[in-house]
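The structure appears right after this line, and notes come after that.
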Amino acid sequence: MTSLHPTVHAVTERIRERSSATRAAYLQQIATLGARDRGADRMGCANVAHAFAGMPQNDKLRVVAAKAPNIGIVNAYNDMLSAHAPLQHYPDLIKEEARKHGATAQVAGGVPAMCDGVTQGTPGMELSLFSRDVIAMATAVSLSHDVFDAALMLGVCDKIVPGLLIGALQFGHLPTVFVPAGPMTSGLPNNAKAKVREQAAQGLVGRAELLAAESAAYHGEGTCTFYGTANSNQMLLEAMGLHVPGTAFINPGQSLRQELTREAARTVLGPACAPIGRVVDERCIVNAMAALLATGGSTNHLIHWVAVARAAGIVIDWDDFAALSHVVPLLARVYPNGSADVNQFQAAGGPGYVLRELLDAGLMHADVLTVRPGGIREFTRLPGGEDGGTERLTWTDIGASGDDAVLRPAATPFSPTGGLKLLQGNLGRSVIKVSAVPEDRHVIEAPAAVFASQAELQAAFQAGQLDRDVVCVVRWQGPQANGMPELHKLTPPLAVLQGKGYRVALVTDGRMSGASGKVPAAIHVSPEAHAGGPLSRVQDGDVIRMDAVAGTLDVLVDEATWQARTPAVMPPVQAVDNGHGWGRELFAGFRRNALSAEEGACSWL
């Protein structure tokens with residue numbers, strides 16, 4: 001048996017020690033809930049009658065008289081999200097499969113699911129981050145009927161999976177399995193799409209050409225094919241042992257996809273499926289962090305998985321990510337960290353290959369609970385149907401990488417360290433995704449250009465005011481200011497400037513996910529400007545040094561001058577606009593209560 005890497009052990013132990021009181025309280029809570037009689041036996045007759053009034057008669061007899069297990073389904077289906085459109089018919093499959101095994105299933109509730117791809121650069125994007133907490137609340141409302149013996153979470157995309165996970169952990173006594181829908185088939189390659197976006201930013205192509213390229217890239221059901229937050233979600237769920245093994249990146253419409261959905265029902269009913277509150281412990285969280293780093297996954301998870309951990313009574317911070325990043329190698333090159341899409345990643349070996357390499361190198365905990373009897377090792381194998389069919393699932397060893405340009409073994413990785421770095425200095429604490437940034441751009445020192453919004457930066461770019469070495473500071477983008485939107489619209493103009501040979505970087509208290517790509521970006525700067533953070537003191541022309549090698553982020557202003565400055569305040573035009581229209585006023589309480597990005601931007605603690 002491979003011994004655990006000492007750094008992985010040390011990080012896990014300090015998380016365990018830091019979380020001892022909150023984790024103990026959480027475990028006591030779920031133990032109390034799990035010790036009660038089942039809902040149909042415990043509740044009053046009127047409660048029970050209401051709970052099962054809409055069921056077919058045979059199902060009523062099963063759940064009440066025969067005391068059959070009852071699965072609660074929480075569904076994030078809508079057909080606005082390509083990744084969630086296939087979920088429409090999953091409940092029927094699950095109910096049918098449950099009946100085959102003497103059980104019942106009910107759709108306990110639905111949760112909202114928005115598409116960041118639709119809302120990028122619009123006021124609706126200011127609802128995006130906090131939609132995670134709305135989803136968590138909706139999940140809790142769904143399960144609050146309290147007549148369920150197990151749960152299935154149907155959801156895929158950016159805020160939806162973290163929200164479902166946070167909500168499910170409030171009912172940590174229930175065995176719970178997550179059910180994805182898979183990625184869309186490959187369309188226009190991501191690099192080609194990015195090139196057209198840069199050409200559009202320069203005015204070299206028009207709207208018709210840009211729309212044609214975007215439509216060729218995003219063309220059907222399933223997740224987007226780049227390795228952003230949605231697909232990172234699926235990687236992390238595999239690493240946490242919360243999926244049917246190998247289910248993450250099987251395309252919608254495949255017969256195998258349907259059988260894996262049925263297997264989710266069989267799994268959650270199985271005696272080996274442990275309650276989710278026990279599965280998600282310190283080791284499980286560390287495994288997810290290692291998988292994120294090894295694949296160069298979405299920086300959004302430095303916010304979301306902090307919140308997920310807190311929902312299970314576990315306290316993690318960016319120092320933990322940074323320590324792991326020093327020893328976890330980069331094993332995958334998937335766009336924007338490379339040219340491959342997630343279908344090529346899957347063909348090369350996918351999540352199972354990565355997990356096997358990490359386990360064999362002692363960079364993941366092997367002794368963890370999962371939803372399956374064989375533990376986390378089951379998640380290192382590839383699912384398929386017996387003799388090409390789907391009547392019975394089989395899992396096979398993955399073997400060597402199918403493409404060394406996409407996946408490499410831990411012994412010969414793309415990089416000896418993970419794709420994320422912690423930056424800290426007199427501008428606060430932030431993170432940078434370095435896995436796609438050229439090495440000659442890991443250190444940038446240049447005068448600042450300060451903006452109050454991404455629209456201001458785009459206008460300056462169009463006016464030719466940024467054709468120089470520059471560190472663009474975009475502030476008032478944190479959780480308390482405007483809900484911390486992603487600033488994807490900045491990627492094309494900044495990439496154009498970098499392509500011209502200028503030394504360019506972005507510093508912001510907003511989010512970029514993986515979209516910063518090859519442009520160095522210090523994101524999630526905490527404390528945010530609206531909370532009086534250091535970004536509120538930066539002025540045009542201040543020299544900023546971003547050093548991803550040393551892990552520093554500083555403004556090079558003498559201390560006396562720096563301390564004498566009065567912090568700026570959010571411009572009146574944004575203060576007036578913020579929180580009004582597009583439903584944003586309904587989220588005012590979220591903004592007021594939000595913790596910092598490093599604390600998960602939680603609105604419920």
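The values are calculated or read from the model by the stated rules, or taken from the named source; none is laboratory data. Not measured: the values here are computed from a predicted model. Here the Cβ is made from the backbone with ideal geometry for all residues, glycine too, and neighbour counts use every protein chain on show. Only protein heavy atoms, including side chains, enter the accessible area calculation; ligands, DNA and RNA are left aside. Shrake-Rupley method; radii C 1.70, N 1.55, O 1.52, S 1.80 Å.
Some notes on this structure:
- Residue within the range 397-409 that is more than 22 Å from the chain's Cα centre (by Cα), within 30 Å of Ala550 (Cβ to Cβ) and of a type in the set (D, E, K, R) present: yes
- Of the residues in the range 130-144, at least one is at pLDDT 95 or above, in a loop (DSSP other than H, G, I, E, B) and either open to solvent by 10 Å² or more (accessible area, probe 1.4 Å) or of a type in the set (Lys, Arg) (or both).
- In summary, Leu457 fulfils each of the numbered conditions (1) in contact (Cβ under 8 Å) with a residue 60 or more places away in the chain; (2) closer than 20 Å to Thr119 by Cβ with the single exception of condition (1).
- Of all residues making up the range 9-59, the number that are charged (D, E, K, R), open to solvent by less than 60 Å² (accessible area, probe 1.4 Å) and farther than 30 Å from Ser325 by Cβ: 2
- Checking each residue in the range 197-213 for being modelled with pLDDT of 90 or more and open to solvent by less than 80 Å² (accessible area, probe 1.4 Å) picks out Gln199, Gly203, Val205, Gly206, Ala208, Ala212.
- Cβ separations smaller than 8 Å between residues 6+ apart or across chains give the following pairs from the range 548-559 residues that are surrounded by 12 or more Cβ atoms within 10 Å (Cβ to Cβ) to residues that are among the aliphatic types (A, V, I, L, M) and assigned to a loop (DSSP other than H, G, I, E, B): Ala548/Val434; Ala548/Val437; Leu553/Leu427; Asp554/Leu427; Val555/Leu427; Val555/Val538.
- From the list Pro245, Pro275, Pro252, the one residue that fits, being at pLDDT 95 or above, closer than 24 Å to Val406 by Cα and surrounded by fewer than 23 Cβ atoms within 10 Å (Cβ to Cβ), is Pro252.
- Ala40 falls short on exactly one of the conditions (1) touching a helix residue (DSSP H, G or I) at 6+ places or on another chain (Cβ under 8 Å); (2) within 30 Å of Phe226 (Cβ to Cβ), and that condition is (2).
- The residue that is surrounded by the fewest Cβ atoms within 10 Å (Cβ to Cβ), counting only those in the range 105-124 that are part of a helix (DSSP H, G or I) and not hydroxyl-bearing (Ser, Thr, Tyr), is Val118.
- Within the range 433-469, tally of residues that are part of a strand (DSSP E or B), at pLDDT 95 or above and under 30 Å from the mean Cα position of the chain (by Cα): 4
- Residue count for the range 66-95, restricted to those that are more than 22 Å from Val161 (Cβ to Cβ), touching a strand residue (DSSP E or B) at 6+ places or on another chain (Cβ under 9 Å) and open to solvent by 20 Å² or more (accessible area, probe 1.4 Å): 2
- Set side by side, the residues Ala531, Ala601, Ala588 differ, and just one is free of Cβ contacts under 8 Å to residues at least 40 places away in the same chain, farther than 30 Å from Ser415 by Cα and touching a Gly at 6+ places or on another chain (Cβ under 9 Å), which is Ala588.
- Meets criteria (open to solvent by less than 40 Å² (accessible area, probe 1.4 Å) and in a loop (DSSP other than H, G, I, E, B)) for Gly102: yes
- Applying the set (1) surrounded by 24 or more Cβ atoms within 10 Å (Cβ to Cβ); (2) at positive phi to Ser232 leaves exactly one unmet item: (2).
- The range 345-394, subset assigned to a loop (DSSP other than H, G, I, E, B) and among the β-branched types (Val, Ile, Thr), residue modelled with the lowest pLDDT: Thr390
- Verdict on Arg408 being in contact (Cβ under 8 Å) with a residue 40 or more places away in the chain, surrounded by 21 or more Cβ atoms within 10 Å (Cβ to Cβ), closer than 17 Å to Gln346 by Cα and out of contact with any Pro (no Cβ under 6 Å at 6 or more places or on another chain): yes
- Among the residues here, Val504 does not qualify as open to solvent by 10 Å² or more (accessible area, probe 1.4 Å), β-branched (Val, Ile, Thr), more than 29 Å from Val306 (Cα to Cα) and in contact (Cβ under 8 Å) with a residue 12 or more places away in the chain.
- Qualifying residue in the range 23-39 (condition: part of a helix (DSSP H, G or I) and closer than 15 Å to Ile285 by Cα): yes
- Of the residues in the range 168-187, none is in a helix (DSSP H, G or I) and hydroxyl-bearing (Ser, Thr, Tyr).
- Selection from the range 484-522 of residues that are more than 22 Å from Cys224 (Cβ to Cβ), of a type in the set (Gly, Ala, Ser) and part of a loop (DSSP other than H, G, I, E, B): Gly501
- Set Thr7, Thr32: member being among the polar types (S, T, N, Q) and touching a residue at least 24 places away in the same chain (Cβ under 8 Å): Thr7
- Test: Ala216 is in a helix (DSSP H, G or I) and at pLDDT below 95: yes
- The single condition among (1) within 33 Å of the chain's Cα centre (by Cα); (2) open to solvent by less than 30 Å² (accessible area, probe 1.4 Å) that Val63 does not meet is (1).
- Inside the range 294-320, residues that are out of contact with any strand residue (DSSP E or B) (no Cβ under 6 Å at 6 or more places or on another chain) and assigned to a helix (DSSP H, G or I) make up a count of 13.
- Any hit, the range 155-177, residues being more than 30 Å from Gly478 (Cβ to Cβ) and either surrounded by fewer than 20 Cβ atoms within 10 Å (Cβ to Cβ) or within 14 Å of the chain's Cα centre (by Cα) (or both): yes
- From the options Ala495, Ala515, residue that is open to solvent by 10 Å² or more (accessible area, probe 1.4 Å), closer than 23 Å to Lys193 by Cβ, among the hydrophobic types (A, V, I, L, M, F, W, C) and modelled with pLDDT under 95: Ala515
- Matching option when the condition is of a type outside the set (S, T, N, Q) and out of contact with any helix residue (DSSP H, G or I) (no Cβ under 8 Å at 6 or more places or on another chain), among Gly313, Gly296, Gly277, Gly253: Gly296
- Just one of the numbered conditions (1) among the hydrophobic types (A, V, I, L, M, F, W, C); (2) open to solvent by 10 Å² or more (accessible area, probe 1.4 Å); (3) at pLDDT 95 or above; (4) farther than 27 Å from Phe379 by Cα is not true of Leu127: (3).
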